[in-house]
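Okay, structure first, notes after.
Just so it is clear, none of the values below were taken in a lab; they were calculated from the coordinates. A quick note: this is a predicted structure, and the numbers were derived from the prediction, not measured. Here the Cβ positions follow ideal geometry from the backbone for every residue, glycine too, while neighbour counts run over all protein chains shown.
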């Protein structure tokens with residue numbers, strides 16, 4: 001990307017950040033470098049037990065007033081924006097519905 005005129009900075013985790021994403025040169029630089037990216041790994045299939053727990057968590061969220069909360073992806077077990085909900089709903093979820101989030105989707109200890 002730097003060879004194509006892009007400014008690159010690196011975060012604390014070492015991941016690159018492209019400062020000039022709005023530049024008209026960015027799409028051309030990105031296309032020139034796509035073949036250098038590593039392949040995207042296949043999603044990890046969750047166990048039937050993990051998928052059942054994820055479905056139960058989604059149902060619980062809906063029971064606690066988050067009517068738009070989607071069912072999890074049947075392969076990964078993850079419920080995210082691609083499965084449903086608007087970006088605004090997802091952004092406000094932990095802020096406005098923290099009680100439901102903590103009850104239905106507890107973090108593993």
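The mean sequence distance of close C-alpha pairs (under 8 Å, at least 6 residues apart), as a share of the length of the stretch 52-101, puts its relative contact order at 33 percent. Just the C-alpha atoms of the stretch 48-104: what Rg/Rh do they give, with Rh taken as the Kirkwood radius? Taking Rg over the Kirkwood Rh, I get 0.95. Per-peptide packing, taken as the mean over residues of other Cβ atoms within 10 Å, places 36-49, 69-82 in the sequence 69-82, 36-49 from highest down.
When you restrict to C-alpha pairs under 8 Å that are six or more residues apart and normalise by the size of the chain, the relative contact order lands at 17 percent.
Compactness of the stretch 5-48, taken as the C-alpha radius of gyration over 2.2 N^0.38 Å, stands at 1.60.
If eta is 0.692 mPa s and T is 37 °C, what Stokes-Einstein diffusion coefficient results for the chain, Kirkwood Rh from Cα pairs, in µm²/s? Stokes-Einstein gives a translational diffusion coefficient of 192 µm²/s. Residue order for 28, 12, fewest other beta carbons within 10 angstrom first, comes to 12, 28. Using just its DSSP H runs of length 4 or more, each adding -39500 (n - 2.57), the chain gives a mean residue ellipticity at 222 nm of -11000 deg cm²/dmol after division by all residues.
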